[in-house]
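The values are calculated or read from the model by the stated rules, or taken from the named source; none is laboratory data. Just so we're clear, the structure is a prediction, and the values are computed from it rather than from any experiment. Every residue, glycine as well, gets a Cβ built from its backbone with ideal geometry; the counts of neighbours run over all protein chains shown.
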């Protein structure tokens, strides 16, 4: 008899146990770095909402600051969803309109259409939001909580010194499909879990249209390539589309630079970040600012 074809499932986890692990991780990072508070950028999407809900499991509501940072073209629905999260959690919040901050740079980029220009403009917004968050983290004496999921991180679908910047990344090892199940277990409103994923960087922008595939298809491929360590040919043999598998494999390789600290040219005997290392867990260290 011919062998049964290999399956390509979505990655699974126990959401309740995962919530406890991540909440414990957040508490331990606060203890190790000497902070008691957290600040998170809240867009109204499932990623930042889940991160905020997880933070609320780790710290009192008064120790969590959710910063809403719309641009003039941001969807009103996103703002409404972000406000709903704040009301549900009872946490502190601020609204900072980034429009007057980014417009001068967008004018330098200039008018025009096309994916390259849209990405440049989107990067400006993402980096400005992180400037705001780190300013608020200094004022609030808090660590910046990251909101990037594993699917985006592996694909490099993120902005260096923008949404990738954070003091800790609570959802960075959760694929998008896993994040949805964790969000449901956290009690995130269904209207947030079920809406079409979008960074809301320009009108009509969606993640899946930019990536050219659904998150479920991408998660199946990434789970096979990364976690199960399958080859491209093995993925194709199991029924995954070769074009998409090859594109994902190339993208993971090409964006590796985004997932690692900048390399240092080694000159001395003890080079910062290579030989001269202090543990992040050094008692009393303050590493968030």
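Within the stretch 70-81, none of the residues are free of Cβ contacts under 8 Å to residues at least 12 places away in the same chain and in a loop (DSSP other than H, G, I, E, B).
For the stretch 225-246, check the following and say yes or no: at least one residue is on the phi > 0 side of the Ramachandran plot, without any contact (Cβ under 8 Å) to a residue 60 or more places away in the chain and out of contact with any strand residue (DSSP E or B) (no Cβ under 8 Å at 6 or more places or on another chain).
Applying the first criterion (on the phi > 0 side of the Ramachandran plot) to the stretch 225-246 yields 229, 239.
Subset that is without any contact (Cβ under 8 Å) to a residue 60 or more places away in the chain: 229.
This time we only want the ones that are out of contact with any strand residue (DSSP E or B) (no Cβ under 8 Å at 6 or more places or on another chain), so: 229.
Yes, there is a match, as at least one residue in the stretch 225-246 is on the phi > 0 side of the Ramachandran plot, without any contact (Cβ under 8 Å) to a residue 60 or more places away in the chain and out of contact with any strand residue (DSSP E or B) (no Cβ under 8 Å at 6 or more places or on another chain).
Within the stretch 103-151, being touching a strand residue (DSSP E or B) at 6+ places or on another chain (Cβ under 8 Å) and on the phi > 0 side of the Ramachandran plot holds for one residue alone: 141. Scoring residue 95 on the criteria (1) surrounded by fewer than 19 Cβ atoms within 10 Å (Cβ to Cβ); (2) touching a residue at least 40 places away in the same chain (Cβ under 8 Å) leaves a single failure, condition (2). Can you give me the number of residues within the stretch 195-218 that are closer than 17 Å to residue 48 by Cβ, in contact with a helix residue (DSSP H, G or I) (Cβ under 9 Å, 6 or more places away or on another chain) and part of a loop (DSSP other than H, G, I, E, B)? Adding up the residues that qualify gives 8.
Here is a check on your reading of the model: is residue 173 assigned to a loop (DSSP other than H, G, I, E, B) and modelled with pLDDT of 95 or more? Show your work before the answer.
On the way: assigned to a loop (DSSP other than H, G, I, E, B): yes; modelled with pLDDT of 95 or more: yes.
Taking the combined requirement at face value, the residue satisfies it.
Here is a list: 61, 80. Which entry is modelled with pLDDT of 95 or more, touching a strand residue (DSSP E or B) at 6+ places or on another chain (Cβ under 9 Å) and surrounded by fewer than 18 Cβ atoms within 10 Å (Cβ to Cβ)? It would help to see each step written out before you state the result.
On the way: 80 fails: touching a strand residue (DSSP E or B) at 6+ places or on another chain (Cβ under 9 Å).
Sole residue among the options that is modelled with pLDDT of 95 or more, touching a strand residue (DSSP E or B) at 6+ places or on another chain (Cβ under 9 Å) and surrounded by fewer than 18 Cβ atoms within 10 Å (Cβ to Cβ): 61.
Restricting the first member to the stretch 1-25 and to residues that are over 25 Å from residue 143 (Cβ atoms), and the second to residues that are modelled with pLDDT under 90 and exposed (fewer than 13 other Cβ atoms within 10 Å of the Cβ), no beta-carbon pair is closer than 6 Å while six or more apart or on different chains.
Here are 56, 66, 52: which of them is under 14 Å from residue 86 (Cβ atoms), within 17 Å of the chain's Cα centre (by Cα), in the same structural domain as residue 149 (by TED's automatic domain parsing) and in a helix (DSSP H, G or I)? Full working, then the answer.
Details: 56 fails: within 17 Å of the chain's Cα centre (by Cα); 66 fails: in a helix (DSSP H, G or I).
52 is the lone residue from the list that is under 14 Å from residue 86 (Cβ atoms), within 17 Å of the chain's Cα centre (by Cα), in the same structural domain as residue 149 (by TED's automatic domain parsing) and in a helix (DSSP H, G or I).
Scanning the stretch 220-238 for any residue that is under 30 Å from residue 124 (Cα atoms), outside the structural domain of residue 25 (by TED's automatic domain parsing) and in contact with a helix residue (DSSP H, G or I) (Cβ under 8 Å, 6 or more places away or on another chain) turns up at least one such residue. Residues that are within 22 Å of residue 97 (Cα to Cα), part of a loop (DSSP other than H, G, I, E, B) and in contact (Cβ under 8 Å) with a residue 40 or more places away in the chain within the stretch 115-162 comprise 141, 146, 147, 148, 158, 160, listed in sequence order.
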